[in-house]
Every structure is written in C-alpha cells, then in structure tokens.
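Step one of this worksheet: look at the structure below.
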Amino acid sequence: MSIVGLFAQLLAVILALALAPLLTGWVNQWRAWLQNRRAPGLLQPYCVLHKLFNKESVVAEHASPIFRVAPYIMFGCMALACGIAPTLSTDLPLAPAADAIALVGLFALARVFISLAAMDIGTSFGTLGARREMLIGFLAEPALLMVLFSASLITQSTSLAMIVETLAHQPFAIYPSLAVAGVAFTMVSLAENARVPVDNPATHLELTMIHEALILEYSGRHLALVEWAASLKLFAYSCIGLALFVPWGVAEAGTPLAILFAIPMLVVKLAVGGVLLALIETINAKMRLFRVPEFLATAFLLAVIALLVHVLLGA
Amino acid sequence: MLVLDWILIVVAGWLALGFAGIAALRNTAFVARVLFPAGAVLAAALAGLAAAALAGTPETAVLALGLPDLPFHLRLDGLSAFFLLVIGATSVGISVFAAGYFRHGEGTPPGLMCLEYHLFLASMAMVVLADDAYAFMVMWETMALSSFFLVTANHRVPAIREAGFLYLLIAHIGAIGILLCFGVLQANTGDYTFANMRAQSLSPLWASAAFLLATLGFGAKAGILPLHVWLPEAHPAAPSPVSALMSAVMLKTAIYGLLRVSFDLLGAQQWWWGVLLLAVGLATALYGVVFSAVQTDMKRLLAYSSIENIGLLFVGIGLGVLFNAYGMKALSALALTAALYHVLAHAFFKSLLFLATGSVLHSTGERSLGKLGGLMRRMPWVAWLSLVGVLASSGLPPFSGFVSEWLLLQSFLFTTGLPDSFLNMMVPVLAAGIALVAALAGYTMVKFFGVIFLGQPREPKLADAHPASPLERAGLVWLGAGCVLLGLFPVAAIGLIDPVTQLLVGGGIAETVRANGWLLLSPSSPERASYSPLVFLLVVSVAVLLAVVLVRKFYHGRLRRAPAWDCGYPAQTARMQDSAEGFGQPIRQIFEPFFRMRRELPSPFDAKPHYRVTIEDHFWHWLYLPVARLTAGIARGVGRLQQGRIAIYLLYSFVTLMVLLLVVKS
C-alpha cells in the first residue's frame, strides 16, 4: 500500500460521493430534453438532498430498528462499492478486501436490508415492493456474476482492479465474449438501478412501482440517504461498466500523474454514458412486471453465452 | 492416554446421561436443568478434543463390543476429527437450547427424550469413528433408529407417525446401498475392516459400482434428488432441537460417509464420478431452493433449504473428485475446502434457524407463516439472532455462508486447464447455476425473516407471544457467534480444514492462504482473487458511523413517530400485508414446471371467496406412488397364495418337493 494508493482511494470515494447526484441530475436532464420537456437544473438532486436532510424524519409507529438502520447500511454498502470499483486508478488499497464476487454480495446485502425495511412497516405497498425488488434481484444477480466471470476468465483474476489493469494496459484487442457480456451488463444495470424499461424512477403508480414502493415510508434524512445511495449505486454500476468495457484512461499503479488525467477521462465517459442511458430510457416503454423475468433471463443467457464464447474461442 | 480414549469417555458420558434420564423419567426439571446442560459440557469437550486431534497422527482402538470374533475397530484421523468437531461445536448450542425447550405436555416423557437424544449424539460420534463396516453399520442404524424415535416424539399425531415411517423407510433404502457398497469394497476377502478395503485395488467397473452404491446410500441420508422427500416431512414433525440436530449434524454424517468411501477407501477415482455428483448436486440445490421459496410452513421452508445446501455440498465434492481424478491436487483441495467450509457454516446457521423456529413455535403455537408476523417487537433476541442466521444462509458478506460460496465459485473459475475440452467448457457454465441458487436462497430467506419477524402481527393472539427463555437465548447466541466468527476469520477456519484435505487428496490451501496474511483470504495469490471480511465490515461500519455522525452534526437528529403513510390509504389492516403465499407467487409463476400445482379460484359471485393453491412434489407422482402401487400389487398377488387352510399349504410343500426332485433327477 502506497501513499499514492491511499490518496487515490480517498479521492475515488470522495469523488463518487460528490459526483453521484450530479450523474443522476445529468441523466434526468437529458431524459427531459429527449422527451421534449423543460429540464430541471443539473444541480437539482443536490437541492433535493439538502431539503430532505433539513426535514424531520417521520417513522411509522411500529417500525423496528431495522427500518432505521437500513438506509445507513445501504449507504455504507454503496460507499464501499464505489471504493472498490476502479474508477480512477487500479492501485486501490481497498481492492483486495472485496473482489467481483464480493461486490455482487455487497449489492445483495444492501438489497436484502432495504427489502426487510420495506416489510418492516407491514403495509401492502411496502411488502409488494419488497417482493418485486427481491424478484428482480435474484434474476439480476446471477447475470451480473456471469458478466463478471467472463471478464475474470479473460484476465485470470476476480479482482476488479486486476481485471481493469489487464484489460486496459495491453495491446488493443476486441473480445467477442466481452461484447456479448456488455449487452447483458447493460440490461442488468437497467434492472438493478430501477430504470425504464424495468422500473420507472419517477412513478408512484401502484401497479408498476418497484423501487418507489420499497422506500414509500421513508422521509427526511432516511429518504435522503436512500436517494443518495441509489445514485451511488448508479454511479458504481456505470463505473464498473466503463471499467470493464471501455477501460482506457484508468491510471496504472505507481503513476500518480495519470490520476490527474484519469479524472477528466472519467467525467467524459460518464457524461457520454449518462446520455446513452437517457436515450435508452426514452426510446423504450416500461414493460409489464411479468415480462421482467423474460428480460432478465435473456440477460442471464447472454452472459452465459459470453462465458461459452470465451471458452470456445479462447478470447 | 490417547485423544481417542478421551473421546470415548465423552461418548460414554453421553450414554450415562441418557440412562440417568431413564432413571428420572418424568422429572422435567432434573432432565432440563441438569442432564441437558451436562450434555452441552460434554459436547464442548468433544469439540475441544476433536480440534486437538485434527492435525495429529491417526489413532486406532479395538473395542471388545459386538459379536465374539467381530470387535469394533475405531480410528481417529483428520476426517473423523473434523466431523467430530462439527458434531461437538453445533450440539453445544443445541443442547443448551434444548435445556430450555423441552417442557411438559409433549408425547414422549422428558427422561426418554433425554435418552434418545444422547443416544443419537453418541451414535453420530461413533459413526465417524468406526473403522470397519460392521461397527459403521451398527452405529448408522442406531443413529437412524434413535432419530426416528426423536422425530415421532409427539406420536399421538397421525401425520407425525407417517412422517417418521417415511423417514425410516428411506433411511433403510440408503442403508442397503451402504451395506452393498461395503460388500463390493472388501473384494471377496471376507475382511470388512476399512484398512483391508483401503488395501484392495478394485477394477474400474467394481470401483464404479461401489461408488454408485455409496452415492445412493449416503445420498438417501443426505436428501439428494430424488430421495429427498423425507426431509420436508420429518423435519417439521420433529421437535425443533431434533430438527436442528438432524439437519445440521446428521445430514453431515452422510457427507462424511461419501468422502470416506470415495476419497479414502476407493483409491483411484474416475472423472465421471465427479460429473455425476456435480449434476446431481446442482439439480438438488436448484430443486430445493425453488421449493423452499414457495413453502408456507416455516420448518418445511428450512427443510427444503437444507436440501439446497446438501446439493451445494455435493457440487463441491463433485468438483473435488473431478479435479482429483485428473491429478490436479491443489484445485481438488480448493473445492473440498469450499465444501467442508460449507459443512461448518451450514451446521451453525441451519441449527440456529431451526431453533429460532422452535422458540417462535413455543411462544405462539403457530408454524404456519400465514399466521405470524411482527414478532421482532415481542421476541427481539430471537429476531436479531435469526437475522444473523438468515444473512449467513443467504450467502451475504461478511457472514459465514458467503465464504463457502466464494470459495466454491473460485474453484469453478479455476477450472480452465482440465484435459477434457468439453468439461473445460461446461464446468464454468455450471457456476451460473450456483449463482442462481445463491440468489434464490436470498429471496427465500428474506421471505422467512420478513414474514415471521417483521410487519404487523397477522393474528390477535400474537400480542401474547412471550420472549424466549434465557437458556434458549444462550443456545442461539452460541450458534449466532459461530456464524459471525466463521464469516470474519476464514483464514483460521481454513486451518481447521487443511488436515482433512491433506488426508483426502494430499494437498491443501492453508499454506498459501496463511502466506497472504491472516487478514486476507486468497486461495492462490491476491492478484488473482482475494476477500477480506474484516476490512469489508470495517469499511461499511465506518461509512455507516460517519453518515450517522455527519448527518447529526450538519443537520439534526429529529424524529417523529406517526401512523404508517402507505400512499395515504386510510384503512389498513394486518391482513393486507403480503402473505407467505403472495411472496412465493413470482417463483410459482417463473418456475411453474417444477411444481405439481392445483389452483382453486373463487368466482366473482362467491359470498365467501376462497383461494386455494396446492403445491406438490412431482417425484411423488413420478416415482414414489408408482413404486408404492407396484409393491401393493405384488403383495396382493403373493397374498393369493395365502389361503389359510393347512391342506393348501401341504399341497404347496408337496408340489415344491416334486419340482425339486425333478430338478435333481434331470
């Protein structure tokens, strides 16, 4: 562990915490523009967070402590996820603590806690949301794991930092398996981040809501933390996707100056990714809930095919 | 004195406690306050002795029990010591819990229960110590019979008697398989000691026959497809400490037997054995978890979850056999380590969950998930400790289940390099199945915990639920601590497993793991794969604490309690929560072909609408009922011979004699 590594680690986490709401704002802005609406300001998510933190928290009378700790645990998990995703540099002191499999476990841990919190109040919407969230989770999780496995088999490592190190700093090569895995990853990310066509982050229509039904009872600082954690999750997913499929620009170990170059690269990549996400959300309609398993099963199969392609072609 | 002698003293102590129970047949206070805690102390001693014997040289003894020229041969080596450790460490918690659990009013008197319980423990310990087929089979049958009587403790309920007989039947089908397997292994020498079996080198055909018989025999005890049907019947029927003991420990003796036969007694292995175990294991795991997700009885749910975990163990052993058959010692050791780690982890979290259901059952009198809810406020200890078990069982970091899942997935990822290109291709793909099973396990466990402990009570009587007694809590705390420690200190736990893999395949991963430091779990090199639960926990906790402190500092910590909002919907009742059926509905829909499902839907004009869905196991209709019909048919046919008149029977004798004379003449 080097001082530079420690610095890069801290910088990555702080950058993620600071930039994640901006990414959400950017996607929302583009979505509005593409749908011919007037867009909210780029900094709108920060204003919302500030407002929510100032507000009093209202908690249901019979809520147990699980309801109150869940937002913090979700936030902590997402902070760690942003810490181990190689956003700026591959020389991360935290990277050995959790590899790709542990990362999937980390997302699952956050999902389990927020679902339990939703069941805790015992309202019809909360339990409905918990059930749907776990449904999407159990379908998306294996697909995500298979995507990460395809990359692991290419690089002979499950450590995210090593995967990116190997993919980014070697002669340019196109891996057919990674191309297929990329499609699967995009589908999984849409589902996991409650995006159209799986879920709509801007709906409170009871028949269709998933993520919103989960967090219906939250208010004040708890809601702020959940929202922040949700944008951190989007940020972490985007960073992992970028690191796996467009890894160029991430700083190698022992090159402190490259980090300075990595920041603008990351911002540019995220900006482009955000526009693409808004575009996907605009040109797709939200699907019925019972089509979601088909959608995610397709992602799962694509990820398995990616694995097979790698084993067959050796690439 | 040898460690083995001390272990025998512990076993004898258990038996003495059992007979003391007979002496005080109806003295519940004495049995509960003295005998069961004493049993827990002996269990702790057994765990300590086993840990001491793990790395030691094998010890043998001959007990002059049994038939005159057939004494019991006993042997304590790394493999038996590891399983003795599992038996001891888990039963400490279960015995302490049982001390607070067994009360008046259940079928079998407490003293008899105490005898059966300790006989069960002693026979399991002796099964893993046995060093000849005779001792093994005697102990195996003692184990089956004592557990049968424990399962049917409440024998006045017909359903419980039926469950017990089903269990006994399948246990004996398994026992026949094991007996025949030993018959093949001794290779016509007439010497049934394990030492002789090790010395024999069977032809590939006979070795495969022995392996298949062992898989059938031990698989029946472990509950692999399609011999799993007794688990969901017997586990709910038994009192909770017994279900915990059966699921956490007894199923593991079957795993022990499979490892003993396939690695130790059979010398050379064939690659297709591994593939067979892999396929059977994966099918069992998937089947178990899908059924587990739709159950509405909390103990049946856990029983199916045990089937799933046994499947995962078979997958790990299958990978171990596959690698070992190709001479890849290090990879085989990794896969076996994953399986053995899961043995430990499952023993702790599953007994914790079964015992928690026992507390809930005692406190509320309900086993059906549809009539529970909101118990977190009434039984906080049980709820929080169950949460630990649930998280470990879902395979979430930083708890114990995740470590074994992680190791298993790592051993799948390391497969590239098998000499057979088809296997090379298929095996990593099977990891997808493991990932699916693990994710579904999380779904099931959220349902289990959420429906029992969270939400609002679904029945008015739940308001009277009383918290668990101090001894029950103490037992749960021990098991919960096991889940946490196994999750946080994997490097130390792998040190316990290493002697076993050294014994089985002549390699281990502990040296590599230790070389990477105690903080970091890394089976080859940190560049390749690593996981550190302590750092993981530390970072998440620091982030959580920082969030709490900073929010308080920069904003405020004000909180107001108010009725639940629920989108402003005014009239809410506890009946409007999602039920266990509702939570299982997506699984029923997605995995429809798995179930034999009957739905009765209400018509729009019903004054009292009823919605009924019955879910059955296909295997009953595909396998068991046809076999039962066939047996009944044959029995009826044979029954025609029985006329009840002496003249007819004399005629039979006469005809038989004539036929025999003809045969002899020609």
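Let me know the shape class of the protein assembly as shown, please: from the alpha-carbon gyration tensor, a ≥ b ≥ c as square roots of the eigenvalues, rounded when a/c is under 1.5, otherwise prolate if a/b is greater than b/c, or oblate. Note, shape of the protein assembly as shown comes out prolate. Each of A:L160, A:W26, A:L270 was scored by the projection of its Cα onto the charge dipole of chain A, and the greatest displacement toward the positive side belongs to A:W26; charges sit on the C-beta of Lys, Arg, Asp and Glu. Interface A-B: total buried accessible area of about 7000 Å², 1.4 Å probe, protein heavy atoms only.
Centre-to-centre, using Cα atoms only, the range B:77-123 and the range B:429-471 are separated by 25 Å. Tally Lys/Arg at +1 and Asp/Glu at -1 over every other residue whose Cβ is under 14 Å from the Cβ of B:V138; what's the total? That sum, taken over residues with Cβ under 14 Å, equals -3.
Close amide-amide hydrogen proximity is noted between A:V59 and B:R560, B:R561, B:A562, each under 5 Å apart and 5 or more residues distant or on a separate chain (H modeled in the peptide plane; Pro and chain starts excluded). In this structure B:V3 has an accessible area near 40 Å², from a 1.4 Å probe over the protein heavy atoms. Between the Cα long axis of helix A:220-245 and the first principal axis of chain A there is an angle of about 20°, rounded to the nearest 10. Helices in chain B, meaning DSSP H runs of at least 4 residues, each add -39500 (n - 2.57). Divided by all residues, the mean residue ellipticity at 222 nm is -22000 deg cm²/dmol.
With K and R counted +1 and D and E -1, the other residues having a Cβ less than 12 Å from that of B:L70 yield a net charge of -3.
Using a 1.4 angstrom probe with every protein chain in place, what is the largest-first accessible-area order of B:W272, B:W622?
Largest to smallest exposure gives the sequence B:W622, B:W272.
Averaged over peptide B:532-545, how many Cβ atoms belonging to another chain are found within 10 Å of each residue's Cβ?
6
Rounded, prolate or oblate: which fits the range A:3-313, taking a ≥ b ≥ c as square roots of the Cα gyration tensor eigenvalues, rounded meaning a/c under 1.5, else prolate when a/b beats b/c?
Prolate, because a/c is 1.5 or more and a/b exceeds b/c.
The heavy atoms of B:L286 present about 40 square angstrom of accessible area, all protein chains included, probe 1.4 Å. Counting only protein heavy atoms and a 1.4 Å probe, tell me what percentage of the range B:183-260's accessible area is made up of carbon and sulfur. With neighbouring chains kept in place, the figure for the range B:183-260 is 63 percent. Accessible surface comparison of A:E165, A:E227, probe 1.4 Å, protein chains only, largest first: the order is A:E227, A:E165.
When both the range B:208-287 and the range B:289-305 are represented by their alpha-carbon centers, they are found 19 Å apart.
Take the solvent-accessible surface of the protein heavy atoms, probe 1.4 Å, and return the percent of it on the range A:3-313 that carbon and sulfur atoms account for. Working shown, then result.
On the way: 7390 of 10470 Å².
That share works out to 71 percent.
Measuring heavy-atom accessible area with a 1.4 angstrom probe and counting protein chains only, the residues of the range A:211-254 that give up at least 40 Å² relative to the chain alone are A:L216, A:E217, A:R221. Only protein heavy atoms count here; under a 1.4 Å probe, B:I646 has an accessible surface of about 130 Å².
Accessible surface ranking for A:H50, A:H310, 1.4 angstrom probe, highest first: A:H50, A:H310. Near B:G568, once Lys and Arg are set to +1 and Asp and Glu to -1 for all other residues with Cβ below 13 Å from its Cβ, the sum equals -3.
Reported to the nearest whole Å, the Cα centre-to-centre distance from the range B:498-556 to the range A:39-98 is 22.
What do you get for trypsin sites (Lys or Arg not before Pro) in the range B:557-661 restricted to DSSP loop and a cutoff of at most 14 other Cβ within 10 Å of the site's Cβ? Present the calculation step by step, with values, prior to reporting the outcome.
Working: sites: B:R558, B:R560, B:R561, B:R575, B:R588, B:R596, B:R598, B:R599, B:R612, B:R629, B:R636, B:R640, B:R645; in loops: B:R558, B:R640, B:R645.
Those that pass, being in a loop and sparsely packed, are B:R558, B:R640, B:R645.
Computed about its Cα centre, the charge dipole of the range A:3-313 is approximately 640 debye, with only Lys, Arg, Asp and Glu carrying charge at their Cβ.
Remark: relative contact order (chain A) = 31 percent; criterion is Cα-Cα distance under 8 angstrom and separation of 6 or more residues. For the peptides B:210-220, B:64-74, B:185-195, B:342-352, residues were scored by their other Cβ atoms within 10 Å and the scores averaged per peptide; the highest-first order is B:342-352, B:210-220, B:185-195, B:64-74.
Using Cα atoms only, what is the angle between the long axis of helix A:124-155 and the major principal axis of chain A, expressed in degrees (0 to 90) to the nearest 10? Here the helix axis deviates by roughly 0 degrees. Magnitude of the charge dipole for chain B, about its Cα centre and with charges confined to Cβ atoms of Lys, Arg (+1) and Asp, Glu (-1), is about 1860 debye.
Under 5 Å between amide hydrogens, built in the peptide plane, is the criterion, and for B:A468 it picks out B:V382 among residues at least 5 positions away or on other chains. In the context of the full set of protein chains, residues of chain B present 38 Å² of accessible surface per residue (probe radius 1.4 Å, heavy atoms only). Taking each of A:K55/B:K461; A:K233/B:K371; B:K461/B:K608; B:K350/B:K461; A:K55/B:K350 in turn, the alpha-carbon distance tops 31 angstrom for A:K55/B:K461; A:K233/B:K371; A:K55/B:K350.
Look at the alpha carbon pairs under 8 Å that are at least 6 residues apart: their mean separation over the length of chain B gives a relative contact order of 12 percent. Partner shielding of A:51-60 amounts to 4, given as the average count of beta-carbon atoms from other chains within 10 Å of each residue beta-carbon. Our coupling estimate for the range B:371-384, obtained by passing each phi through the Karplus curve with A = 6.51, B = -1.76, C = 1.60 and θ = phi - 60°, is 10, 10, x, x, 7, 4, 6, 7, 10, x, 5, 4, 5, 5 Hz, Gly and Pro reported as x.
When the other protein chains are added to the chain by itself, burial of at least 50 square angstrom of heavy-atom accessible area (probe 1.4 Å, ligands and nucleic acids ignored) affects these residues of the range A:76-111: A:L80, A:P96, A:A97, A:I101, A:L109.
The values are calculated or read from the model by the stated rules, or taken from the named source; none is laboratory data. Quantities reported herein were computed from a predicted structural model and do not represent experimental measurements. Here Cβ is always computed from backbone atoms with ideal geometry, including for glycine, and neighbour counts include all displayed protein chains. SASA here: full protein model, heavy atoms, side chains in, ligands and nucleic acids out. Shrake-Rupley method; radii C 1.70, N 1.55, O 1.52, S 1.80 Å.
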